[in-house]
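Asks: Let me begin by handing over the structure; questions about it come next.
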Amino acid sequence: MKLICIGRNYADHIEELQNEKPIDPVVFLKPDTAILLKKQPFFIPEFSNDVHHEVEVLVKIKKVGKYINKKFAPTYYDEIGLGIDFTARDLQAKLKTKGLPWEKAKAFDGAAVIGNWLPKDEVMDINNFSFRLLKNGKIVQDGNTSFMLWKIDEIIEYVSKYFTLKIGDIIFTGTPAGVGAVNTDDKLEGYIENKQIFAIQVK
Ligand code: ZN
(Lines give C-alpha, C1' and ligand atoms only; values in the text may rest on other atoms or scores of the structure.)
Protein backbone atom coordinates (compact mmCIF):
# COMPACT_ATOMS: atom_id res chain seq x y z
CA MET A 1 0.00 0.00 0.00
CA LYS A 2 1.00 3.59 -0.44
CA LEU A 3 0.35 6.90 1.23
CA ILE A 4 -0.55 9.69 -1.18
CA CYS A 5 -0.12 13.14 0.32
CA ILE A 6 -1.44 16.50 -0.78
CA GLY A 7 0.45 19.69 0.01
CA ARG A 8 -0.81 23.27 0.15
CA ASN A 9 -4.50 22.43 0.33
CA TYR A 10 -5.52 25.19 2.76
CA ALA A 11 -5.04 28.88 1.93
CA ASP A 12 -4.11 29.83 5.51
CA HIS A 13 -1.27 27.26 5.60
CA ILE A 14 0.05 28.45 2.21
CA GLU A 15 0.27 31.94 3.69
CA GLU A 16 2.04 30.81 6.84
CA LEU A 17 4.81 29.07 4.84
CA GLN A 18 4.82 31.88 2.25
CA ASN A 19 4.26 29.41 -0.55
CA GLU A 20 2.58 30.28 -3.81
CA LYS A 21 -0.96 29.11 -4.33
CA PRO A 22 -0.61 26.21 -6.74
CA ILE A 23 -2.58 25.74 -9.95
CA ASP A 24 -2.58 21.98 -9.37
CA PRO A 25 -2.40 20.18 -6.03
CA VAL A 26 1.09 19.40 -4.75
CA VAL A 27 1.39 15.61 -4.54
CA PHE A 28 3.99 13.39 -2.91
CA LEU A 29 4.16 9.83 -1.62
CA LYS A 30 5.29 8.16 1.57
CA PRO A 31 6.22 4.46 1.70
CA ASP A 32 4.49 2.08 4.12
CA THR A 33 7.63 2.09 6.28
CA ALA A 34 6.78 5.71 7.21
CA ILE A 35 3.74 4.57 9.19
CA LEU A 36 4.17 5.02 12.92
CA LEU A 37 3.21 1.72 14.52
CA LYS A 38 0.13 1.81 16.74
CA LYS A 39 0.75 2.81 20.34
CA GLN A 40 4.40 3.60 19.63
CA PRO A 41 5.91 6.97 20.52
CA PHE A 42 7.24 9.21 17.75
CA PHE A 43 11.03 9.55 17.97
CA ILE A 44 12.45 12.81 16.62
CA PRO A 45 15.04 11.69 14.03
CA GLU A 46 18.67 12.70 14.62
CA PHE A 47 18.92 14.43 11.22
CA SER A 48 16.49 17.22 12.11
CA ASN A 49 16.23 19.94 14.72
CA ASP A 50 12.87 21.18 13.52
CA VAL A 51 10.27 18.45 13.02
CA HIS A 52 6.81 19.94 12.51
CA HIS A 53 3.39 18.43 13.08
CA GLU A 54 0.88 18.70 10.22
CA VAL A 55 -2.52 17.34 11.21
CA GLU A 56 -4.47 16.06 8.20
CA VAL A 57 -7.75 14.38 7.33
CA LEU A 58 -7.20 10.89 5.90
CA VAL A 59 -9.20 8.84 3.43
CA LYS A 60 -8.86 5.08 3.11
CA ILE A 61 -9.39 3.66 -0.39
CA LYS A 62 -11.57 0.54 -0.54
CA LYS A 63 -11.44 -0.49 -4.19
CA VAL A 64 -9.08 -0.37 -7.13
CA GLY A 65 -9.48 2.58 -9.45
CA LYS A 66 -7.83 4.67 -12.13
CA TYR A 67 -9.10 7.86 -13.80
CA ILE A 68 -11.88 8.15 -11.22
CA ASN A 69 -14.42 10.85 -11.97
CA LYS A 70 -15.13 12.94 -8.86
CA LYS A 71 -18.83 12.06 -9.24
CA PHE A 72 -17.97 8.43 -8.48
CA ALA A 73 -15.18 9.13 -5.98
CA PRO A 74 -17.47 8.55 -2.93
CA THR A 75 -17.84 4.90 -3.96
CA TYR A 76 -14.08 4.44 -3.43
CA TYR A 77 -14.03 5.12 0.32
CA ASP A 78 -16.07 4.28 3.40
CA GLU A 79 -13.74 5.51 6.11
CA ILE A 80 -12.39 8.88 7.18
CA GLY A 81 -9.49 9.33 9.54
CA LEU A 82 -7.01 11.79 10.95
CA GLY A 83 -3.25 11.65 11.11
CA ILE A 84 -0.02 13.60 11.13
CA ASP A 85 2.31 14.27 8.22
CA PHE A 86 5.51 14.80 10.24
CA THR A 87 7.90 17.03 8.34
CA ALA A 88 11.58 17.75 9.01
CA ARG A 89 11.12 21.42 8.13
CA ASP A 90 14.82 22.32 8.22
CA LEU A 91 15.71 19.51 5.83
CA GLN A 92 12.70 20.21 3.61
CA ALA A 93 13.75 23.88 3.32
CA LYS A 94 17.22 22.81 2.18
CA LEU A 95 15.83 20.36 -0.38
CA LYS A 96 13.31 22.93 -1.64
CA THR A 97 15.94 25.59 -2.32
CA LYS A 98 17.92 23.05 -4.35
CA GLY A 99 14.79 21.89 -6.18
CA LEU A 100 15.28 18.36 -4.86
CA PRO A 101 12.57 15.84 -3.89
CA TRP A 102 11.22 16.04 -0.32
CA GLU A 103 11.28 12.35 0.63
CA LYS A 104 14.06 12.56 3.20
CA ALA A 105 12.11 15.30 5.00
CA LYS A 106 8.67 13.68 4.83
CA ALA A 107 8.93 9.94 4.18
CA PHE A 108 11.28 8.84 6.97
CA ASP A 109 10.30 6.07 9.41
CA GLY A 110 7.51 7.18 11.73
CA ALA A 111 6.64 10.27 9.66
CA ALA A 112 3.05 9.14 9.05
CA VAL A 113 0.66 8.91 11.99
CA ILE A 114 -2.60 7.15 11.19
CA GLY A 115 -5.33 7.35 13.81
CA ASN A 116 -8.55 5.38 14.17
CA TRP A 117 -11.03 5.25 11.33
CA LEU A 118 -14.61 6.52 11.36
CA PRO A 119 -17.29 5.20 9.01
CA LYS A 120 -17.95 8.10 6.63
CA ASP A 121 -21.67 8.01 7.49
CA GLU A 122 -20.68 8.97 11.02
CA VAL A 123 -19.13 12.15 9.64
CA MET A 124 -22.21 14.17 8.73
CA ASP A 125 -20.80 16.19 5.83
CA ILE A 126 -17.46 15.13 4.32
CA ASN A 127 -16.90 18.69 3.06
CA ASN A 128 -17.74 20.43 6.29
CA PHE A 129 -16.43 18.91 9.51
CA SER A 130 -13.97 20.21 12.02
CA PHE A 131 -10.77 18.61 13.23
CA ARG A 132 -7.95 19.73 15.46
CA LEU A 133 -4.62 18.93 17.00
CA LEU A 134 -3.83 19.49 20.65
CA LYS A 135 -0.25 19.75 21.84
CA ASN A 136 0.07 19.21 25.58
CA GLY A 137 -3.63 19.94 25.96
CA LYS A 138 -3.61 23.20 23.97
CA ILE A 139 -5.18 23.55 20.52
CA VAL A 140 -2.43 24.25 17.96
CA GLN A 141 -4.21 23.41 14.71
CA ASP A 142 -7.91 23.91 14.15
CA GLY A 143 -9.27 23.04 10.72
CA ASN A 144 -12.44 22.40 8.79
CA THR A 145 -12.68 20.48 5.53
CA SER A 146 -14.85 23.26 4.09
CA PHE A 147 -11.62 25.28 3.71
CA MET A 148 -9.89 22.71 1.48
CA LEU A 149 -8.85 24.13 -1.89
CA TRP A 150 -9.34 20.67 -3.38
CA LYS A 151 -12.15 18.67 -1.80
CA ILE A 152 -11.74 14.97 -1.04
CA ASP A 153 -13.53 13.83 -4.21
CA GLU A 154 -11.52 16.23 -6.38
CA ILE A 155 -8.30 14.93 -4.83
CA ILE A 156 -9.30 11.35 -5.69
CA GLU A 157 -10.05 12.39 -9.27
CA TYR A 158 -6.73 14.22 -9.57
CA VAL A 159 -4.36 11.68 -8.01
CA SER A 160 -5.99 8.72 -9.79
CA LYS A 161 -4.88 10.20 -13.12
CA TYR A 162 -1.31 9.52 -12.05
CA PHE A 163 -1.52 6.56 -9.69
CA THR A 164 -3.79 3.54 -9.68
CA LEU A 165 -5.53 3.58 -6.31
CA LYS A 166 -5.49 0.24 -4.58
CA ILE A 167 -7.38 -1.20 -1.62
CA GLY A 168 -5.88 0.10 1.61
CA ASP A 169 -4.10 3.10 0.08
CA ILE A 170 -4.41 6.18 2.28
CA ILE A 171 -4.68 9.78 1.15
CA PHE A 172 -3.36 12.59 3.38
CA THR A 173 -5.38 15.63 2.34
CA GLY A 174 -3.13 18.49 3.48
CA THR A 175 -2.79 20.55 6.62
CA PRO A 176 -4.42 23.78 7.80
CA ALA A 177 -2.47 26.59 9.48
CA GLY A 178 -0.79 26.20 12.84
CA VAL A 179 2.03 23.80 11.99
CA GLY A 180 4.87 23.95 14.48
CA ALA A 181 7.82 22.13 16.00
CA VAL A 182 7.48 19.15 18.29
CA ASN A 183 9.75 18.53 21.25
CA THR A 184 10.64 15.58 23.44
CA ASP A 185 7.82 14.73 25.88
CA ASP A 186 5.12 16.53 23.89
CA LYS A 187 1.76 14.81 23.82
CA LEU A 188 -0.20 15.16 20.57
CA GLU A 189 -3.92 14.42 20.35
CA GLY A 190 -6.06 14.55 17.25
CA TYR A 191 -9.83 15.03 17.18
CA ILE A 192 -12.54 14.91 14.52
CA GLU A 193 -15.39 16.95 15.94
CA ASN A 194 -15.50 15.68 19.57
CA LYS A 195 -14.02 12.24 18.96
CA GLN A 196 -10.44 11.52 19.85
CA ILE A 197 -8.80 9.83 16.86
CA PHE A 198 -5.21 9.47 18.07
CA ALA A 199 -2.92 10.29 20.98
CA ILE A 200 0.83 10.00 20.68
CA GLN A 201 3.88 10.77 22.72
CA VAL A 202 7.00 12.44 21.28
CA LYS A 203 10.39 11.09 22.39
ZN1 ZN B 1 1.23 17.71 4.89
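Asks: Once you have the Cα-Cα distance between D185 and M124, take 0.36 nm times their residue separation minus that, and quote the gain in nm to one decimal. Could you put the intermediate results ahead of the total?
Replies: Details: separation 61, 0.36 × 61 = 21.96 nm, distance 3.46 nm.
Gain on extension, D185 to M124, equals 18.5 nm.
Asks: With each label point set 7 Å from Cα along the Cα-Cβ vector, what nm distance links A11 and K62?
Replies: Distance between the two pseudo-spin positions: 3.3 nm.
Asks: Where the Cα atoms of region 3-201 are projected onto their three principal axes, how long is each span, largest first, in whole Å?
Replies: 43, 39, 31
Asks: Could you check how much of the accessible area of the chain is carbon and sulfur, as a whole percent, using a 1.4 Å probe? Mind showing how you got there, number by number?
Replies: On the way: 5140 of 9830 Å².
C and S fraction of accessible area: 52 percent.
Asks: Probe of 1.4 angstrom, ligands and nucleic acids ignored: what's the accessible area per residue over region 3-201, in square angstrom? Present the calculation step by step, with values, prior to reporting the outcome.
Replies: Working: 9590 Å² over 199 residues.
Each residue of region 3-201 exposes 48 Å² on average to a 1.4 Å probe.
Asks: Could you state the orientation-averaged shadow area of the convex hull built on the Cα atoms of region 66-160, in nm² to one decimal? Could you put the intermediate results ahead of the total?
Replies: On the way: hull surface 32.5 nm².
Orientation-averaged projected area of the Cα hull: 8.1 nm².
Asks: Arrange the peptides 56-62, 16-22 so that the one whose residues have, on average, the most other Cβ atoms within 10 Å appears first. List each step's numbers first, then the result.
Replies: Working: 56-62: 23.4, 16-22: 11.3.
Ranked by mean Cβ neighbours within 10 Å, highest first: 56-62, 16-22.
Asks: Now for a separate question. Do the alpha carbons of any pairs in K71/K161; K96/K161; K63/K161 sit beyond 21 Å of each other, and which pairs? Please report the intermediate quantities before stating the final value.
Replies: Working: K71/K161 15 Å; K96/K161 25 Å; K63/K161 15 Å.
With Cα atoms farther than 21 Å apart: K96/K161.
The values are calculated or read from the model by the stated rules, or taken from the named source; none is laboratory data. Remember, it's a predicted structure, so these values are computed and weren't measured experimentally. With ideal geometry, Cβ positions are generated from the backbone for all residues, glycine too; neighbour counts draw on all protein chains shown. Each accessible area value is taken on the protein alone, full model and side chains, heavy atoms only, with ligands, DNA and RNA left out. Shrake-Rupley method; radii C 1.70, N 1.55, O 1.52, S 1.80 Å.
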